[in-house]
Every structure is written in structure tokens, then in C-alpha cells.
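Report on the structure given below.
The values are calculated or read from the model by the stated rules, or taken from the named source; none is laboratory data. None of these values were measured; they are calculated from a predicted model. Ideal geometry is used to build each Cβ from the backbone, glycine not excepted, and the neighbour counts take in all protein chains shown.
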2 protein chains.
Amino acid sequence: MTEGEALSGGVGGAGALEPLLRTVLDALAEGARRRAGPIPARTPGELAAELDRVASESAGGWLGVLTAALAYGSADPADPLCAAHLHCPPLAVAVAADLAVSALNPSLDSWDQAPAATVLETSLLAELARLVGYGTSAAGVLTSGGTESNLMGLMLARDLVLGRASGERIELSGLPGGGPRPRVFASEAAHFSTRRAAALLGLGEDAVVAVPVDRELRMDAGALAAALRESAGRGERPVAVVATAGTTDTGAIDPLRECAEPAAEYGAWLHVDAAYGGGALLSDRLAPLLDGIALADSVSLDWHKLGWQPAAAGVFLVRRAETYASLARRAVYLNPADDEEAGYPSLLGYSLRTTRRADAFKIAVTLRTLGRAGLGRLVDACHDLARYAAAGVRAHPRLELHAEPVLTAFLFRYATADPARSDAVNAALRRRLLREGTAVVGRTELPEGLAGEPGAGPGRVRLKLTLLNPHTTTSDLDRLLRAVAAAGEAEESGP
Amino acid sequence: MTEGEALSGGVGGAGALEPLLRTVLDALAEGARRRAGPIPARTPGELAAELDRVASESAGGWLGVLTAALAYGSADPADPLCAAHLHCPPLAVAVAADLAVSALNPSLDSWDQAPAATVLETSLLAELARLVGYGTSAAGVLTSGGTESNLMGLMLARDLVLGRASGERIELSGLPGGGPRPRVFASEAAHFSTRRAAALLGLGEDAVVAVPVDRELRMDAGALAAALRESAGRGERPVAVVATAGTTDTGAIDPLRECAEPAAEYGAWLHVDAAYGGGALLSDRLAPLLDGIALADSVSLDWHKLGWQPAAAGVFLVRRAETYASLARRAVYLNPADDEEAGYPSLLGYSLRTTRRADAFKIAVTLRTLGRAGLGRLVDACHDLARYAAAGVRAHPRLELHAEPVLTAFLFRYATADPARSDAVNAALRRRLLREGTAVVGRTELPEGLAGEPGAGPGRVRLKLTLLNPHTTTSDLDRLLRAVAAAGEAEESGP
């Protein structure tokens, strides 16, 4: 057996892994030391050239060489000054559990590729369904994230609400002779994956009606009811309402209970995208914000956001298992009927995928190790950090807060002396922080239709902080805000 | 900081991981020892009850407890008698590389979540494009597997061939006033994900025309040309031809060059599903079987099959990057235009996902460590094993071979004295092997339309061996065939 041919499984697998894991740990530490900050102080071109050099000049020991390069060239969410995205620093215990999954490689498309993983995923999903407030008739699956979960929700909605049996083609598109035009309703601040899913499903992006939001970017439930009424008045077919529990940029949570009512009235499927806000269910303090989530027909949760799992750790749940009907599949090589009758369960019909990694395992280990209370403390810690940072922004003469954080993120901007330069300076200061390796700060825009907000809409740059590292200290945050302000001053005084 | 709250990243991450990884390695070894075979000798019900007991009786140390339970309760592809599915035993070096990805948690939806991972994925994709024979205008992305890759190919085909701009709704469904009916052509033996994708995309499962296969389950290129001609004659619109390079059950490879010609003639997108057979590109001996693959508009490859990666390691490639147009997305918080102009690249528009794990990294480390030649030796070793086992089946008085292996898998069955009992006995002997923990053998059926094959079609059980463990020995295979025959005898003599 030549170098690199050892397998990770079997009785000898652990022994084969041991020296390789030592190499990885050493390389991770070396890369982090060399980076010495949240992100390497390089432009994208410089970093690419550097990595190309590593790849062309090294002569072996690739596991260590490339791992050190990956670690050096990472935006490390475990660094308190890496605070841009819903990109969490994973818990070491979750990462260690994920190693077991890589080593054993169970695949959840059939029982005989994943006997224990099938059991563990099923019981984790039951636990998560209880967390959402669903009863015992719930069902679900692990996904690659909110984008896939939102697609699944809209797919089931399309097939059920349009009354199509599994796999029939969509004929309802407003053509002469066709049925009523299908519509999906989501707030202006909903994730772009809703429109992407509508396109993928053949409904078309413009099937999505953008419902106005309030200043905190919450869907206006009255406007939703009006939009549904108007749509029905035009003879259209409301397929789904997508309510967001935790928008990507501000963590805004739509009034779920108030959204459920008009959705039900017009026969639309209610999908709640709680990819970010689902983490609030772990916190006694924040869980009440998600009041009404159990009324949803389907829910997206992402434990690689407010759950400290390495990606992917998405979850899709439906309130009633029977609504999964249109995805059910029988593949003679995976779930033959007589095997199912003989007691061999199959999860194939719950997923859009076939081969499927056991992402449930790391979540199960984490939940057991920390408990809901332990994870809730981490959620609360990040919420506290966001409130502290927002207060710091409010108190700073050159920084301007958009709104108080709901969960663990908020928008702000550097206030330029000349308002006309605001967008250019804010965009440039963020790139300066990246290039200098000082901080990773997010940026975004406010929805165009935002009532009463000056400078909302396309091209009007807002900065964003997303606090997902519970070990960040208040002095880290002071340092972060000073760095942002200093970069703003440097850009403003530049050409 | 209480137990379990340590993070995997930062300068201290490696130190926090070290004791946890030791726990995992010990538990992996303990679970494998306790299993003492390819799968635990338990029925699904017994295993579930056992795992529930572990979960209710343990009081802590969950990482070790649950890892040992997962390892014990796995179907371990590193055991030579686990040979059912395209479910490979991962290389230890790939698993170690995947640990680095879990620990650092890069997400490829924006540069500032994955600076180095963005560079490494881009250069890996260029290398894989060259392996396929594509030129420099190719593009692609890592996927969760062939099912997602096949969906992407059909989605691009739908949007390009039907001439729809990004995100428009599908209006072509044979309604009065609608355009011509869209059609997808794939062999009878193509993977079920083709039909699933057609349903998801709103084309409908019955948009898929099943083209006849020969006895080795290769698409009949003449029949494809005829099907395209007849479809065009009915005024339909051929959207795509899906050719398979390595069917799941027999590894059959459609004649790619001969399929490309009629596809081009009728303006259909050619997608080659090489999820399994793509591994043959690593072998000088087998690569010629994929002659013509570079003519495809898009290709699926799965390195978690003949590539010895832990799932997921799917790859989707297109020959011409510009055909990706309908997936391009701008998300103001991920890839603002001025950041791209300033040199910050974005891979967002290449994927159906948003958050995306750096699955390219383990593949890159493996390719560097073993080289194409080293991986090719593993492919050839599995091919040799399949041929040896097939010869053993042919020589066995109670076993009946379907056809010689093309890649590393083949079908066979236990020959019952009473042919009427064949299906029941073959199905039962497989479950017996699972229940007794002796072997994991696959089962499937032959396509209904298979010319001249007695006992093809629904309910006619065939057994399957898929040899993906290059360290398996010929005496392991002798033992495996003896176990199958003994289980068949036990079932046949039973009630």
C-alpha cells in the first residue's frame, strides 16, 4: 500500500487517521498564526498568486501544505473581528463529531448504507419538530441549508396547492386556456432564494409578489392580506406565503401569527424561513419572537448559523408528513417495497438528494453535549454582543445605526461629511479592512420600498455586523468599531 | 467557558480539537470492534431500540458515546463484505482534509467567507475540466452529488433551449396557445434523478422519454435518433439528451459520441451523467470507454463514488461558461457589482445553494497526494476485483451472472430450483445477510423493456455487487460469494 491509500473505516481506520489528524492540527495552528487576524492581509489577486506558488513549489506532504494554506487564507469566524455574515465559528465538539461522519461515510438514501445514521436522524428530527412546536405528525430532512429548504417548501406548495400529482407538469401559467396564474408572497426583505426557487420550479421569478416591510424590515401583515386579496381578485392562485423569521441583514422577524391568518384564508401554503431566526428557539429570552411558527406548513432551520455547526446543517420540516407526497419516490435499488414491508425504513422520499451525508450527527452530539439551555446561553451571549455593538455605533460621532438588533445582527454606516460620498466611502472602507486584514464587516442595501428611510434601495451601501462568536468580548467590539471608523476616515480623506 | 463551548477555529482551535479527536478515534475503533463485520447483526427494529437505550441511559460523554454507537451501527464500506452500493470507503487522507474544512468552515457563497477556498475550488475545477477534455472556457461547481448535478444540467438546458431568460416562467406545456411540448431523452437505465429533476423543474416526469437499452443496459443510439425524430415529427421540443456514463446497477456506459450526434442535430442539450463512470477517467485502461464525453454540454462527476471521498463530493461542469447565464444572481449582501469590479470574485452564480461547504478541498488534497496515476491504480484494482467476482459467480453452480462488469459492479442472482421462487428467495437472502451481519449485498431490477432478457422488469429481483474497496482480496470475494450462496440455500430450504 503506497502513501495515501489507507482507508478511514474498519478496525484499522482510526490508526490510519491518527497521524494525518496530527498533521492537520499542526497545519491549522500554523496557518492561523501566519494569518494573525480575521483574514489574510491580501487582495484577492495577491492571495491567488500566493496559493498558486504553494501549489507549484511544494513537492509533497500535501495534506499539511494545503491545510496550512487553507487556514492561512481563511476568513476565520472564530476571530472576533470576523463579523460580516451568517457564517458561524463551529464548536469543536461539532467538528469532532463531523469527523466521525467523514470517516464512516454513511449515506442516508438507504438503510443499508446508514443503519444507525437513519435512526439518529429520525430522532433528531422529532426533537427539532418539538422545538418548533409541531406535533407527532411532523416530518423532515436535513438539507444543505435555507436555500434548499426554501426550495422544498415551495415545491411541496406548488404540487399540493396546484393540485398536481407527483411529477406532473405545470400547466398553470396564465396562458390562454391555462389555469390561474400561480403566485408566491414574500416580504421585500425575504431571502433571494425565494425568487430563485420560483425560477427553478418553473413558476418564474415574477410569480413572487414583494410585500412591503416596516422600518425594521418586518413584513406588514396588513399589506400581505391586501396583496392576497388583490391577487385573488385578479383571478390568480396564491400558492405560498413565505414569512421570514430572521432576515439575513437585520434579523427581522415577520409577525408569524398575523401572516398565518390570511395565508390560510386564501388557501396558500405557509412556509417560514427561520434559517437564521430558528436559533432563537434555543433561547428563553428570544423564543417568544417566533410566536406562531408552529402554524407554518413548513419551516427552514439552519444550525450552521445560530447553532455553531460546520456547514451544512440545514433542516426542513413539515407540520404534516402526508404533505411530503409529491417527493415520494421508489427506486428499486434503494427502497424496494418488500424491504420496507420487512421493516427496513427509507428516508429517500424526504430529500431532493440521493447520496446524503449524515449532517444530523454533529447536531445531535452538540444538542446532547450542551443541551438547549447551553446553546441558548450562546444565543443570548451573541444577542448581548450585538446590542453592545449597536450602542457603540449609536454613541459614535461618525457612525450611524439603522435600527436596534433583533437577533445578533444590525446595519449601520460611516457618516461621511459629504452625503454624496457615503456609498463609495462605505464600500471602499470595507474593502480596505479586508485588504489590510483588519476586519471582515458585511455590506448590503436596504429594500427600495422601505417606508420613510432616506437612502434606501439599490446602490445605497449599508455596513453590517453579524455577531455569531459567543466568546467575543466587549473590548473586541470597541476595537472593531474603531477600525471601521478609522478606515472610513482614511477613505474619506483619500482622493 | 463550560464543557463543549470551545471553538474549532482561531489560534486555539487545534488545541481544543485535539482531545476531542482522540475521543472520536477511540470510539470509532471501539464501534468497529463491537460491530465485528460489515454491518451490525441486527434487524432495523433491534438496532433502533439499542440506540434509543444508549441515548436514554448515558449520562454524558456524548461525543464518545454517540460516535461509538454510530460506528457500531454503520454499514462500513471499508469492510470487504460491504459491497452493495456506490458507497465508497473514504481515503483517510481525504477524511483528514475534510476535518480542516469543518474546523475552518469556509462558505463559498462569497469571497470574504472563503478567500483561499475560492481559489482552490476554481483551480480544482479547471483541473477536472481538463480531465474531461474540456477547454479553458469550461466552468463548474461542487455539488451534493449526481442528483443535484443532473438537476443543474436539465435546468440550464430548459432555460437555454426553451429560450427563456433567467427566471421567466415556463409557458411551454402543450396547452392550446402554448409552445411545443418540451422533452428530455434518457435511457431506460438512466438514474431516477432525471425524472425527479423534470418534475422539480415543472416539465413533468412524463416529459422524459425512455430510450431502449441493449442487454448490457447501454442506450441504443439508433433508438435515440429515432425517438428524437419522432418527437420532432409530433411538433415537440427536444430540450435535453441525458447520456449515462456508468449506470448505477451495471456501470453501463452509453455510446457518448454516437449520442452526441442526434442531440446536436435536434438542438438538444447533451448532459452526460458520469457520476459513477467519471472515475474511469482516472484509469488509462478504462478512460477510452468515455470517448466523446468532451462533446457534452454538461457533465456530472461524483468523487464520493469512484474517487474515495467522504460524501459529498459531486461536481457539475459545463463546456461553455456562458451557458451558466440563467443561474447568475446578484445578491447585494454577497456579490455587489463594485466589489467584483474591485477584483473580489464570486462563485455565487455557479451554485443552486447559498451557504456552501468547501468540498473541493478534500478532492484537491487527494489528487495531489495520490496523483491521477495513484487514483487510477485504485480504479483498476476495483475493476479487477469485479471481474474476479463475476468469474466466481459464473463458475458457481447456484449463482447466475447477468453480464460482465464494465466498471466495478455487476448483477447476478441465486438460481433457485423452482424459478417461481427466485424473486422471493433472492430478496430474502439479502435481508438474511443484513440481519445476520454477514454481508451487505445490493439488489435491483432490470428495466422492463430489456430486449431478450428473461425475467426483466418490476419485481424480478437481481442481486448486485459493487466493488469500491481497493484493499479487498480475492479470498474476501470467495468468502462473500459463499455467504450469498449459503444464505440462498437457507432461504430456499425454508418455508
(message) Let me confirm something: among B:Glu50, B:Glu18, which residue is more than 7 Å from chain A (Cβ to nearest Cβ), modelled with pLDDT of 95 or more and at negative phi?
(response) B:Glu50
(message) For a quick check of your reading of the model, give me the residue pairs whose first member lies in region B:134-150 and is at positive phi, whose second is of a type in the set (Asp, Glu), with beta-carbon atoms closer than 7 Å and at least 6 apart or on different chains.
(response) B:Gly145/B:Asp302
(message) Step by step: first the residues of region A:307-323, then only those that are within 14 Å of another protein chain (Cβ to nearest Cβ) and within 28 Å of A:Ala264 (Cβ to Cβ), then the one that is farthest from the chain's Cα centre (by Cα). Which residue is that?
(response) A:Phe316
(request) With respect to B:Ala114, determine if the residue is under 27 Å from the mean Cα position of the chain (by Cα), surrounded by 24 or more Cβ atoms within 10 Å (Cβ to Cβ), at the interface with another protein chain (Cβ under 8 Å from one of its Cβ atoms) and free of Cβ contacts under 8 Å to residues at least 12 places away in the same chain. (result) no
(message) Under 7 Å between Cβ atoms, which residue pairs at least 6 apart in sequence (or on different chains) link something in region A:183-210 that is closer than 18 Å to A:Ala296 by Cα and facing another protein chain (nearest Cβ under 7 Å) with a partner that is at pLDDT below 95 and part of a strand (DSSP E or B)?
(response) none
(request) Quickly run through region B:167-202 and pick out the residues that are more than 23 Å from the chain's Cα centre (by Cα), closer than 20 Å to B:Glu236 by Cα and either at pLDDT 90 or above or among the small types (Gly, Ala, Ser) (or both). (result) B:Ser173, B:Gly174, B:Gly177, B:Gly178, B:Gly179, B:Pro182, B:Arg183, B:Gly202
(request) List the number of the failed condition for B:Gly459; all other conditions in (1) part of a helix (DSSP H, G or I); (2) without any contact (Cβ under 8 Å) to a residue 60 or more places away in the chain hold. (result) (1)
(message) Going through A:Gly4, A:Gly45, A:Gly10 one at a time, which residue ends up being free of Cβ contacts under 8 Å to residues at least 60 places away in the same chain, facing chain B (nearest Cβ under 7 Å) and exposed (fewer than 14 other Cβ atoms within 10 Å of the Cβ)?
(response) A:Gly45
(request) Those residues that are within 26 Å of B:Leu429 (Cα to Cα) and either part of a strand (DSSP E or B) or small (Gly, Ala, Ser) (or both), I need them from region B:353-407; list them, please. (result) B:Ala386, B:Ala389, B:Ala390, B:Ala391, B:Gly392, B:Ala395, B:Leu399, B:Glu400, B:Leu401, B:Ala403
(request) Keeping to region A:26-42, report how many residues are within 8 Å of chain B (Cβ to nearest Cβ) and either within 29 Å of A:Leu433 (Cβ to Cβ) or more than 31 Å from the chain's Cα centre (by Cα) (or both). (result) 8
(request) Within region B:352-361, identify whether any single residue is surrounded by fewer than 20 Cβ atoms within 10 Å (Cβ to Cβ), within 23 Å of the chain's Cα centre (by Cα) and of a type outside the set (S, T, N, Q), and answer yes or no. (result) no
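Residues checked against (1) modelled with pLDDT under 95; (2) among the hydroxyl-bearing types (Ser, Thr, Tyr):
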position: B:Pro458; (1), (2): yes, no
position: B:Arg462; (1), (2): no, no
position: B:Leu465; (1), (2): no, no
position: B:Leu468; (1), (2): no, no
position: B:Thr473; (1), (2): no, yes
position: B:Leu477; (1), (2): no, no
position: B:Leu481; (1), (2): no, no
position: B:Val484; (1), (2): no, no
position: B:Ala487; (1), (2): no, no
(request) Starting from residues that are within 22 Å of B:Leu468 (Cβ to Cβ) and surrounded by fewer than 24 Cβ atoms within 10 Å (Cβ to Cβ), keep the ones in region B:59-107 and report whichever is nearest to the other protein chains (Cβ to nearest Cβ). (result) B:Pro80
(message) Let me confirm something: among A:Gly135, A:Gly140, which residue is assigned to a loop (DSSP other than H, G, I, E, B) and either more than 8 Å from every other protein chain (Cβ to nearest Cβ) or over 20 Å from the mean Cα position of the chain (by Cα) (or both)?
(response) A:Gly135
(message) Would you confirm, using the coordinates I've provided, whether B:Ala424 is among the hydrophobic types (A, V, I, L, M, F, W, C), within 11 Å of chain A (Cβ to nearest Cβ) and either under 15 Å from A:Trp111 (Cα atoms) or surrounded by fewer than 20 Cβ atoms within 10 Å (Cβ to Cβ) (or both)?
(response) yes
(request) Select from region B:223-264 the residues that are crowded, with 23+ Cβ neighbours inside 10 Å and among the aliphatic types (A, V, I, L, M) and list them in ascending order. (result) B:Leu224, B:Leu228, B:Val239, B:Ala240, B:Val241, B:Val242, B:Ala243, B:Ala245, B:Ala252, B:Ile253, B:Leu256, B:Ala263
(message) Restricting to region B:448-492, name every residue that is within 14 Å of chain A (Cβ to nearest Cβ) and hydroxyl-bearing (Ser, Thr, Tyr).
(response) B:Thr466, B:Thr472, B:Thr473
(request) Answer with yes or no whether B:Asp297 is more than 21 Å from B:Glu121 (Cα to Cα), more than 9 Å from every other protein chain (Cβ to nearest Cβ) and not aliphatic (A, V, I, L, M). (result) no
(message) Can you confirm whether B:Gly371 is modelled with pLDDT under 95 and either surrounded by fewer than 20 Cβ atoms within 10 Å (Cβ to Cβ) or basic (Lys, Arg) (or both)?
(response) no
(request) Could you grab me the full set of residues in region A:324-345 that are more than 9 Å from chain B (Cβ to nearest Cβ) and either under 27 Å from the mean Cα position of the chain (by Cα) or at pLDDT 95 or above (or both)? (result) A:Tyr324, A:Ala325, A:Ala328
(message) I'm trying to understand the selection: among the residues of region A:428-447, which are surrounded by fewer than 24 Cβ atoms within 10 Å (Cβ to Cβ), facing chain B (nearest Cβ under 10 Å) and part of a helix (DSSP H, G or I)?
(response) A:Ala428, A:Arg431, A:Arg435
